[in-house]
Amino acid sequence: MKIWLLGGLWGQDNEAPAQTSLAPNLNTWVVAILAVLGQPMSREALAELLWPEVDSAASSNSLRQRLFRLKQTPLGQGVDATKALIRWTGDSDVSEFRRHHAAREWAAAIALYKGPLLHGVPTPDIEALDSWVEEQRAQLHADYLHALWQLTRQYQQSGQDQELVALLHQGVQLTPDDSGLVAELATTYLAHEDMAQARKVIEQHRSYLDRELGAPLPPALTDLLGRTHRTPPAPRLAPVAWGLPSFPTRFFGRAYESRMSLEQLTSPELTDRWLSIVGPGGMGKTRLAAHIARRYLAEQRLGVYFFSLAPLESEGHVLGVMLQALGVPVEGEGTARERLFRALGSRSLLLVLDNFEHLLGMADLLPALLEACPQVRVLVTSRQRLAFQAERVLKLGRLGELDHRSEGEATDSTARLFVDRARRADLTFDGRGQEQTMARIVEHCEGSPLAIEMAAALVAEYPLDEILRRLGESWDALQTSLHDVPGRHRSLRAVFAQSWQALPGPLREVYTALAVFRAPFTLGDAQAAGAQVDDVQILEQRSLLNEGYDGRYFWHESLRAYALEELGDALQQRLEWHLDHFLALAEGAAPRLKGREQAQVLGTLALIYPDLRSALGYALRTGATGRGLRLAGALHWFWYVRGLFKEGLAWLDLFLEQAEEDPVLRASSAYALALRCAGGLDRDRGYKSQAVGRYVAALEVYRALADREGQASVLLMQGILSRDLGEYPQAREAFGQAMALWQEIPDLQGLATTYNDLGILQAYEDNYPAAKVSFERSLELKREVGDVQGVAYALGNIANVSEDPEEVRALEAESLRLKEGLGDLQGCAVSYFNMGKSLQESGRLPEAADQFHRSVRLFVQIGSAGPRGVLLKDIAQLAMEVRQYRWAAELSLAALELESTTGFKMRPGTREVVQDYLERTTTLIGTVDVPAWAGVPDEAFRAALDFLEEQFPQVQLSAALPALPAQEERSGALP
């Protein structure tokens, strides 16, 4: 079922051949309100809007009767109503209009806008509804005008004059009192010297203003009207367009780069007349320059001379070609430069010099030319900047990366380029249903238009999956056999080879030395690799490296792969250096992960994580087990905070397995650290027995080494595990031993953490006053050492034992803010859970459901066992409160079943509550069998998500998790 609301009121049944006019009765108004809103609406809000004069009970009853009648009509097919929410499930022109507007698809949005919302449709005599409709109508019309002006600028820039006139006429018709639109339309006619039409448009508007508003013509339109009575000027000669290439294919994207370039080249400032487009080969510099030149020609009506310098080898050749183009004899009085300057002297034109990078020795020609010829403007393309003060540089990056800065640009220019070129290779190509594969192919091409075109051409020979596989194996797949493509662009290898051959020998050595960096690197990293600062800056100037806004340098991955190939036999030596370098960085960062620099260090590790992964992989492949154990141990806390449980545990398991055959390694502190860290992640993943064994083994090694800090760390973790298993005396003993060691060392950080975990044990034993004292002591010490994450955890735990609701809310909010700032995913999941409990206790069940939903989703996402029993208990309580007794019983059974399958115990009081729920549900609905999913942790959590989404549909509308900083890839796949 579809409903049309823009410009009137029509509907169309799915089986009907055409739309029909709808009667404006109350049934239709219910549907219209829901369709305009475009999202679920509460019954209470809809009833209040339609029956504002009666009490809530009466209005709810009226709505219930109305919905019953509506369901008997064809319109009722598109209405979905639950106990709490009502929504329109059919389609509407309003929702389509909003989708196109949000996607900046201006033409599509305007095509849907047939007039103001519900234009001419009488509204019921309800003041609140009338106000609501006017508000929605005004917003939609404002969106229409926004789209119209965006499309106007787009048509003006592309020279689509007929489309522009039609668009503005539609705008004037739908908004007859908008003098700005009338002025734009009249100006368009005047620009084409159509004085009669310009005069007619203004006169019609003057009559409308006088008749409808009693207003005079605005001064701006009066001035335009005067211009319509002047004699049009004589036609101008068409400007020269010498050498400007035409292309047999469409140009895509680069709208922002084009606009900025034209603004630069048309600036009235004499110092802003030289723009260089700089970027690596294959980025589309020539194509963009030609596109800019054509727009300059059309908009400025000035001459353009386009010179392709690739085949020219010297200044003499270049000047000769330029003089011939300008009609000046190659030989004559004075030097070639002097004759060129005289020929250009007072002329206003644009010179385009394409592919300048091999002629840098003659680059001083350009500042001299600009000084001698004040009306000339210069556009250069080059793989490196020419480095003069007068030069402005546009660093050309990936295609599409700046599309978001241009409102008139359709989204995803890379995908549109791929589809267009694929259909040239195979007219029957249809990418529908394969968008993800196409996106991955385009991503392999790294925003290079040349690479995208070569990949798209492969559809004539292979399916998309096979193209993706070939690109994953080697970028040698990217080549073309088209006869009209220059040799330097026949393959991606040829593009890279050209840049490589232009590098001096010493710079080649530097370039290959840097190729081992996978992530953006600093100048300090480069210097550690043997490069000088000047070397890096020269490589950046030559577009072989890119400099980010944060001062780090990064590669195009295909260029990095080419440089690695050039390393040859020296690659092994460089990878050895790479492992040692990042091992030192990680070990230097590890102690700072719990101090005042915590957030900064976490962010840095996230930035260099591709290199850390690469170093781990190299250590594993080459049997560098000792260094691998040290690196994995140093990264343990990073993995914990960022929720990379599965991946971190996989690396630790692999290195521990390698170390089994080496008795020297098994007696080392690196081995003990890896055991301790693996045990911690085992516990987080719910692997009880593995964690127990690893803690025992780690403690044995630490004691043999007389490492008190290591012993204290393991004792602390053994205490936490015992607490989780319900072994409270053993937990208390382990905490006491750990605390004694921390005090001997002394180590305030370890002491603070132990106080925090001791407080949790005391809370489990229902000794809340003692727990609060421990948490507050932990908070004091955590603040002293600057441990932001520790502060966040202490605040959250104090909230758990506080009896003041205001204090609880404030502490929970501050705890969550700190965790989100660090990107601590497990900590955020715990905070969402705690906030859900607080909301549940205050009777705000939908909000509690939302927080529980966030918590469970995040625990599942990061692979953490989490407080499963407690969470399932509270969600079971929620099921009881909304009278979903079967769900309450099944979730309670799951909480008990998980105790036996995982070994992790609930507190006695929590277990008693769960058993009480079971007894109550048995009384109400009889005995419920244990569900098959009850004893499987992940499946139990997914069942809880099913309940929440079924009973509280709004959780899916607000289910997006917060954008936490630097969320890395969490596949867990090993290189």
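The table below lists the values:
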quantity: Solvent exposure, largest accessible area first (probe 1.4 Å, DNA, RNA and ligands not counted), of Arg685, Arg777; calculated: Arg777, Arg685
quantity: Most positive-pole-ward Cα, Cys445, Pro219, Pro367, against dipole of the chain from beta carbon charges; calculated: Pro367
quantity: Estimated FRET transfer efficiency (Arg153, Asp938; beta-carbon r; R0 60 Å; 0.05); calculated: 0.70
quantity: Per principal axis, descending, Cα span of segment 159-229 in whole Å; calculated: 37, 27, 16
quantity: Charge dipole (the chain, unit charges on Cβ, about Cα centre) - positive-most of Leu112, His229, His141; calculated: His229
quantity: Stokes-Einstein translational diffusion, segment 2-141 - Kirkwood Rh over all Cα pairs, 0.890 mPa s, 25 °C, in µm²/s; calculated: 158
quantity: Fraction of beta bridges assigned by DSSP in the chain that are antiparallel (%, nearest 5); calculated: 40
quantity: Label-point separation in nm, Glu700 to Asp223, each point 7 Å along Cα→Cβ; calculated: 9.2
quantity: Accessible surface of segment 159-229, 1.4 Å probe, proportion on carbon and sulfur as whole %; calculated: 49
quantity: For the chain, with +1 on Lys and Arg beta carbons and -1 on Asp and Glu, the positive-most of Tyr208, Gln737, Gly759 along the dipole; calculated: Tyr208
quantity: Segment 820-948: C-alpha pair distances exceeding 23 Å, %; calculated: 25
quantity: Highest to lowest packing among 309-316, 813-820, scored as the average C-beta count within 10 Å; calculated: 813-820, 309-316
quantity: Too-long pairs where the Cα-Cα distance tops 22 Å, listed order kept, from Lys71/Lys114; Lys2/Lys114; Lys646/Lys782; Lys782/Lys819; Lys594/Lys819; Lys837/Lys873; calculated: Lys71/Lys114; Lys646/Lys782
quantity: Förster radius 35 Å - calculated FRET efficiency between His146 and Leu845, Cβ distance, rounded to 0.05; calculated: 0.30
quantity: Average Cα contact separation per residue, the chain, under 8 Å, 6 or more apart, as relative contact order %; calculated: 6
quantity: Solvent-accessible heavy-atom area per residue, rounded to whole Å², over the chain at 1.4 Å; calculated: 45
quantity: Efficiency of FRET from Cβ geometry, Arg392 and Glu565, R₀ 35 Å, rounded to 0.05; calculated: 0.50
quantity: Accessible surface of Glu881 - all protein chains present, 1.4 Å probe, nearest 10 Å²; calculated: 80
quantity: Segment 892-950: C-alpha gyration tensor shape, a/c 1.5 cut-off, then a/b vs b/c; calculated: oblate
quantity: Rounded accessible area of Arg574 (nearest 10 Å², 1.4 Å probe); calculated: 40
quantity: Using alpha carbons only: equivalent-ellipsoid semi-axes of segment 202-359, gyration tensor based, whole Å; calculated: 43, 22, 14
quantity: Ordering of 87-95, 702-710 by packing [mean C-beta count within 10 Å, highest first]; calculated: 87-95, 702-710
quantity: Binned Cα-Cα distance frequencies in segment 484-576 - 5 Å width, integer %; calculated: 2, 13, 26, 25, 18, 9, 4, 2, 0, 0
quantity: Point-charge dipole on Cβ atoms (K/R +1, D/E -1) for the chain, about Cα centre, debye to 20; calculated: 1540
quantity: At 1.002 mPa s and 20 °C, Stokes diffusion of segment 1-82 via Kirkwood alpha-carbon radius, µm² per second; calculated: 160
quantity: Partners for Lys83 among aspartates and glutamates (Cα-Cα distance below 20 Å; same-chain residues under 8 apart left out); calculated: Glu44, Glu48, Asp55, Glu847, Asp850, Glu881, Asp946, Glu949, Glu950
quantity: C-alpha center-to-center spacing [segment 556-624, segment 54-95] in angstrom; calculated: 59
quantity: Hz values of 3J(HN,Hα) by residue in segment 913-922 - Karplus curve (6.51, -1.76, 1.60), Gly and Pro given as x; calculated: 5, 4, 5, 5, 4, 4, 5, 5, 5, 4
quantity: Per-residue SASA entry for Leu85, accessible area with 1.4 Å probe, Å² rounded to 10; calculated: 40
quantity: Segment 644-742 - percent of accessible surface contributed by carbon and sulfur, probe 1.4 Å; calculated: 52
quantity: Fraction of accessible area attributable to carbon and sulfur, segment 841-957 (%, probe 1.4 Å); calculated: 45
quantity: Where Thr522, Thr754 fall by accessible area, highest first, once all protein chains stay in place (1.4 Å); calculated: Thr522, Thr754
quantity: Burial order of peptide ranges 267-277, 511-521 (average beta-carbon count within 10 Å, highest first); calculated: 511-521, 267-277
quantity: Per-residue [θ]222 nm for the chain (sum of -39500 (n - 2.57) over DSSP H runs n ≥ 4, rounded to 500); calculated: -19500 deg cm²/dmol
quantity: Rounded to whole Hz, the Karplus (6.51, -1.76, 1.60) HN-Hα couplings of segment 612-619, x for glycine and proline; calculated: 5, 4, 4, 5, 4, x, 5, 4
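The values are calculated or read from the model by the stated rules, or taken from the named source; none is laboratory data. None of the values given here were measured: they were computed from a predicted structure. Cβ coordinates were reconstructed from backbone atoms using ideal geometry, including for glycine residues, and neighbour counts include every protein chain displayed. Note: areas computed on protein heavy atoms with side chains; ligands, DNA, RNA excluded. Shrake-Rupley method; radii C 1.70, N 1.55, O 1.52, S 1.80 Å.
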